[in-house]
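Before any comments, here is the structure.
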Amino acid sequence: MATLVGGITTSHVPAIGRAIAKNLQSDPYWKPFFDGFAPVHRWLEAEAKPDVVVVVYNDHGLNFFLDKMPTFAVGAAAEYRNADEGWGIPQVPPFTGEQDLSWHLIDSLIGDDFDLTTCQEMVVDHAFTLPMALLWPTQVWPVKVVPVCINTVQFPLPSAKRCYALGEAIGRAVRSWKNDQRVLVLGTGGLSHQLDGQRAGFINKDFDLQFMESLVHDPRWATQFSIHELVEKTGTQGVELLMWLATRGALGDEVRRVHQNYHIPISNTASGLMVMAPRD
């Protein structure tokens, strides 16, 4: 059976891609952010050693647009490429899909009463590519991938409780996969931020830190809030924490915190990073 080695949650702000392209990792503005990933690189290489990454993210219009926006979608392609989104972010090398796990995940999630959009062709945007580039800066991908997309763009959105349950179902599916592979779950997005409207630039540091702490000690804490309450507390785009909840749900009842970093602001966004491993 497969081994679920842990989960990583991190931000995916497009400005990160420009900073990488311009080699600004040591710039005073960016250094506290990029320095947070050095312990992650060591953990990936020395301890986690994943073969496959299930990437839980939200599409921003590159693959799905407002005329067709699935609540949950799973990629089942042999390869995933990104394209120009208009942010000026360079394209990255293509990702190899782990189709056997994709179909196992699809079958298992549907068996758990999740209605999915199954994508046998799929392009991926910065919410997928930038976190992968942060984990593997050479952009030579040592892993295969399975994209899992959650709608956080067009209302109505799935509830926090539903996304946590999705994560639990993903965890069960990974652990039942009859393949001797090591699987990492990567949840991208957030934390608190609002890009438009009267609250543009809104960041809620206190809520962010409380949410991050809850993922270790009380992982269902945020599921008490409705989507509208989460928007009030975290900003319009802060609901991307749904991907963090799904990632945490996949890891089981108890986890140990391997690493954590929090830095504000990055392009008017609260930037969080956590590494968690199941506590066996």
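The values are calculated or read from the model by the stated rules, or taken from the named source; none is laboratory data. Please read these numbers as outputs of a predicted model, since none were measured by experiment. Here Cβ is always computed from backbone atoms with ideal geometry, including for glycine, and neighbour counts include all displayed protein chains.
Test each condition in (1) assigned to a helix (DSSP H, G or I); (2) at positive phi for GLY252 and report the one that comes out false.
So the condition that GLY252 fails would be (1).
Which one of SER271, SER192 is more than 21 Å from ALA165 (Cα to Cα), in a strand (DSSP E or B) and of a type in the set (S, T, N, Q)? Spell out the reasoning first.
Numbers: SER192 fails: in a strand (DSSP E or B).
Of the residues listed, the single one that is more than 21 Å from ALA165 (Cα to Cα), in a strand (DSSP E or B) and of a type in the set (S, T, N, Q) is SER271.
For the stretch 124-160, give me each residue that is of a type outside the set (Val, Ile, Thr) and either more than 28 Å from ILE89 (Cβ to Cβ) or part of a helix (DSSP H, G or I) (or both).
First pass over the stretch 124-160, keeping only residues of a type outside the set (Val, Ile, Thr): 125-128, 130-137, 139, 141-142, 144, 147, 149, 151, 154-160.
Hits for the stretch 124-160 are HIS126, ALA127, PHE128, LEU130, PRO131, MET132, ALA133, LEU134, LEU135, PRO156, SER159, ALA160.
Condition first: under 18 Å from CYS163 (Cα atoms), assigned to a helix (DSSP H, G or I) and either of a type in the set (A, V, I, L, M) or in contact with a strand residue (DSSP E or B) (Cβ under 6 Å, 6 or more places away or on another chain) (or both). Can you find one or more residues in the stretch 110-123 that meet it?
So the first thing to find is which residues in the stretch 110-123 are under 18 Å from CYS163 (Cα atoms), and the list is 110-118.
So of that shortlist, the ones also assigned to a helix (DSSP H, G or I) come out as 110-111.
From the residues that got through so far, the ones that are either of a type in the set (A, V, I, L, M) or in contact with a strand residue (DSSP E or B) (Cβ under 6 Å, 6 or more places away or on another chain) (or both) too are 110.
Yes: the stretch 110-123 contains one or more residues that are under 18 Å from CYS163 (Cα atoms), assigned to a helix (DSSP H, G or I) and either of a type in the set (A, V, I, L, M) or in contact with a strand residue (DSSP E or B) (Cβ under 6 Å, 6 or more places away or on another chain) (or both).
Looking at the stretch 61-90 only, could you name the residues that are at pLDDT 90 or above, part of a loop (DSSP other than H, G, I, E, B) and surrounded by fewer than 20 Cβ atoms within 10 Å (Cβ to Cβ)?
ASP67, MET69, PRO70, THR71, ALA78
From the list GLY252, GLY238, pick out the single residue that is touching a residue at least 12 places away in the same chain (Cβ under 8 Å) and crowded, with 24+ Cβ neighbours inside 10 Å. Walk me through it before giving the result.
Numbers: GLY252 fails: crowded, with 24+ Cβ neighbours inside 10 Å.
Selected residue: GLY238, the only one of GLY252, GLY238 that is touching a residue at least 12 places away in the same chain (Cβ under 8 Å) and crowded, with 24+ Cβ neighbours inside 10 Å.
Does LEU209 satisfy being modelled with pLDDT of 95 or more, of a type outside the set (Ser, Thr, Tyr) and surrounded by 24 or more Cβ atoms within 10 Å (Cβ to Cβ)?
Numbers: modelled with pLDDT of 95 or more: yes; of a type outside the set (Ser, Thr, Tyr): yes; surrounded by 24 or more Cβ atoms within 10 Å (Cβ to Cβ): no.
Spelling it out, it is not the case that LEU209 is modelled with pLDDT of 95 or more, of a type outside the set (Ser, Thr, Tyr) and surrounded by 24 or more Cβ atoms within 10 Å (Cβ to Cβ).
Could you look through the stretch 231-247, keep only residues that are among the small types (Gly, Ala, Ser) and out of contact with any Cys (no Cβ under 9 Å at 6 or more places or on another chain), and pick out the one that is modelled with the highest pLDDT?
If we filter the stretch 231-247 for residues that are among the small types (Gly, Ala, Ser), which is where we start, we get 235, 238, 246.
So of that shortlist, the ones also out of contact with any Cys (no Cβ under 9 Å at 6 or more places or on another chain) come out as 235, 238.
On the way: GLY235: 89, GLY238: 86.
Looking at the filtered set, the residue picked out is GLY235.
With the checklist (1) buried (at least 18 other Cβ atoms within 10 Å of the Cβ); (2) of a type outside the set (A, V, I, L, M, F, W, C); (3) in contact with a helix residue (DSSP H, G or I) (Cβ under 9 Å, 6 or more places away or on another chain); (4) modelled with pLDDT under 95 in hand, flag the one item SER267 doesn't pass.
(1)
Is at least one residue of the stretch 161-169 surrounded by 21 or more Cβ atoms within 10 Å (Cβ to Cβ), in a loop (DSSP other than H, G, I, E, B) and touching a residue at least 60 places away in the same chain (Cβ under 8 Å)?
Checked the stretch 161-169: no residue is surrounded by 21 or more Cβ atoms within 10 Å (Cβ to Cβ), in a loop (DSSP other than H, G, I, E, B) and touching a residue at least 60 places away in the same chain (Cβ under 8 Å).
Of everything in the stretch 170-189 that's touching a helix residue (DSSP H, G or I) at 6+ places or on another chain (Cβ under 7 Å) and assigned to a loop (DSSP other than H, G, I, E, B), which residue is nearest to LEU251 (Cα to Cα)?
This residue is TRP177.
Which residues, taken from the stretch 96-109, are surrounded by 14 or more Cβ atoms within 10 Å (Cβ to Cβ), out of contact with any helix residue (DSSP H, G or I) (no Cβ under 7 Å at 6 or more places or on another chain) and not in a loop (DSSP other than H, G, I, E, B)?
Of the stretch 96-109, the ones surrounded by 14 or more Cβ atoms within 10 Å (Cβ to Cβ) are 96-106, 108-109.
This time we only want the ones that are out of contact with any helix residue (DSSP H, G or I) (no Cβ under 7 Å at 6 or more places or on another chain), so: 96-103, 106.
Selection gives THR96, GLY97, GLN99, ASP100, LEU101, SER102, TRP103, ILE106.
How do the pairs read when you match residues in the stretch 1-16 that are closer than 23 Å to PHE34 by Cβ with residues anywhere that are aromatic (Phe, Trp, Tyr), using Cβ under 6 Å and keeping only pairs 6 or more apart or on different chains?
Matching pairs, first to second residue: THR9/TRP244; PRO14/TRP87.
Does TRP141 fit the bill of being touching a residue at least 60 places away in the same chain (Cβ under 8 Å) and closer than 24 Å to LEU105 by Cα? Working first, answer last.
Details: touching a residue at least 60 places away in the same chain (Cβ under 8 Å): no; closer than 24 Å to LEU105 by Cα: yes.
It is false that TRP141 is touching a residue at least 60 places away in the same chain (Cβ under 8 Å) and closer than 24 Å to LEU105 by Cα.
Looking at the structure I just gave you, is ALA160 among the small types (Gly, Ala, Ser) and under 23 Å from ASP84 (Cβ atoms)?
Working: among the small types (Gly, Ala, Ser): yes; under 23 Å from ASP84 (Cβ atoms): no.
No, not satisfied.
So which residues in the stretch 46-77 are among the acidic types (Asp, Glu) and either touching a His at 6+ places or on another chain (Cβ under 6 Å) or more than 17 Å from LEU105 (Cβ to Cβ) (or both)?
First, the residues of the stretch 46-77 that are among the acidic types (Asp, Glu): 47, 51, 59, 67.
Listed by number, the residues that qualify are GLU47, ASP59, ASP67.
Select from the stretch 1-47 the residues that are more than 26 Å from TYR164 (Cβ to Cβ), assigned to a helix (DSSP H, G or I) and aromatic (Phe, Trp, Tyr) and list them in ascending order.
Answer for the stretch 1-47, where residues must be more than 26 Å from TYR164 (Cβ to Cβ), assigned to a helix (DSSP H, G or I) and aromatic (Phe, Trp, Tyr): PHE33, PHE34.
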